[in-house]
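Computed from the coordinates by the stated procedures, all read-outs in this text should not be read as laboratory data. Predicted model only: the values in this text are computed from it and were never measured. Cβ placement follows ideal geometry from the backbone for every residue including glycine, while neighbour counts extend to all protein chains displayed.
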Amino acid sequence: PQATTPLAARPIDIAFFGATSPHRDAFFARHAAFFADYATLFHCRPIGRGPIHAEGAEGGLARLAQHVGGHAKLVLNLHRDEYGYFEWHRIVRLGLCAGSVVVSEPCLPHPLFRAGTHYFEAPAEEIPRLIEWLLRTDDGRAAAQAAQDNARRLTETFSPARTATAVTALLRDG
């Protein structure tokens, strides 16, 4: 998948990859009927298994998560418990770098990526209304597309190729 694929052309409405937890399990159970109206792919890993590692036997699952993120309109970031932080691996790597729009519970601020500009955040109980607005209204779709464009511009600024060029110039020019 290409990160530049417009949201309207992506076949998966909502994706989530993460470990199970009482907080996440309750969220998905409470909103199961809501999510049934959308094309979703949720992978909830047993919490005792730890994070997915790109190397070794789980490399295929890590690649699948990246692939799904590249085909999803929205990627959910639900905190494991009530203590939220900016989950780089899910917000940036699986979401923004894949061209998906991230919908997150509130998290600690990040100096570059901003809620409302690069991704969206809302308390868990308001996430279904936010998703419905982003996917089913003209204003919401426009806001989602703007967030995808803003995130792409920012992630391209820090792409591996640009970073390598900057580091090389720094080393060369002292």
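Descriptive notes on the structure:
- Along the range 63-69 the Karplus relation, 6.51 cos²θ - 1.76 cosθ + 1.60 evaluated at θ = phi - 60°, assigns HN-Hα couplings of 5, 5, 4, 4, 4, 5, x Hz to successive residues, with x for each Gly and Pro.
- Potential lengthening between GLN2 and HIS31 on full extension [0.36 nm per residue; Cα-Cα distance subtracted]: 7.4 nm
- Per-residue packing, averaged as other Cβ atoms within 10 Å, sorts the ranges 77-88, 23-34 into the order 77-88, 23-34, beginning with the highest.
- Once the Cβ-Cβ distance of ASP138 and ALA39 is raised to the sixth power relative to R0 = 22 Å, the FRET efficiency obtained is 0.65.
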